[in-house]
Amino acid sequence: MAEGVPRAGSALPAASLSSLPLAALNVRVRRRLSLFLNVRAPVAADWTVLAEAMDFEYLEIQQLEKYADPTSRLLDDWQRRPGASVGRLLELLAKLGRDDVLMELGPSIGAVGWWWWSLTNTCKARNVISRLSLHSASLQVPIRSD
């Protein structure tokens, strides 16, 4: 499902959401995710079902229940674990049938993904340029005149 998430701007490489760290999700997206998942509903997967899908143990889930916003705490704890990524979160939400969350938050998450991807590529380019300048070299970029 991660590949089907709408993205801002031009095409974002499909693999980038799977490698996008969960820390890239901004506060607004996390709060909106909490609005969907903190509510206990017998017909929809809530944060506890997501926690189980993320391989949290029963006692860990019990500890998270003590917080006013367990979804936010769940995301904070999960992002420290190996394999946690925005793409994996989207996959789990799709697996749990939370298409409502994916439809509502997909554009926001895609925009975050685009921003993160652009930021890392900009940093990589600056790194290359600074390394070239150490060796008195320069990067020549042809300018198009369409």
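The values are calculated or read from the model by the stated rules, or taken from the named source; none is laboratory data. Worth saying up front: this structure is predicted, and the values here are computed from it rather than measured. Note: ideal-geometry Cβ built from the backbone for every residue, glycine included; neighbour counts use all protein chains shown. These accessible areas exclude ligands, DNA and RNA; they are computed on the full protein's heavy atoms, side chains included. Shrake-Rupley method; radii C 1.70, N 1.55, O 1.52, S 1.80 Å.
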### Query
Using 7 Å Cα-to-Cβ label points, what is the R80/Q63 separation (nm, one decimal)?
0.8 nm
### For the stretch 17-72, accessible area per residue (1.4 Å probe, heavy atoms of protein chains only), Å²
58 Å²
### Message
Applying a 10 Å radius around every beta-carbon, put 89-96, 100-107 in order of their mean neighbour count, most first.
### Response
89-96, 100-107
### Task
Enumerate the calculated ³J(HN,Hα) couplings along the stretch 28-33 in order (Karplus 6.51 cos²θ - 1.76 cosθ + 1.60, θ = phi - 60°), each rounded to whole Hz, writing x wherever the residue is Gly or Pro.
4, 5, 5, 5, 5, 4
### Summary
Distance in nm between M103 and V43 label points, each 7 Å along Cα→Cβ, equals 1.3 nm
### Summary
A correct Karplus calculation of ³J(HN,Hα) over the stretch 62-69, with 6.51 cos²θ - 1.76 cosθ + 1.60, θ = phi - 60°, whole Hz and x for Gly and Pro, returns 4, 5, 5, 4, 6, 8, 5, 10
### Task
Pop out the ³J(HN,Hα) list for the stretch 72-79 in order, Karplus 6.51 cos²θ - 1.76 cosθ + 1.60 with θ = phi - 60°, rounded to Hz; leave Gly and Pro as x.
4, 5, 4, 5, 4, 5, 5, 5
## Note on the structure
Neighbours of S108 by Cβ distance under 10 Å: Lys/Arg at +1, Asp/Glu at -1, summed charge +1
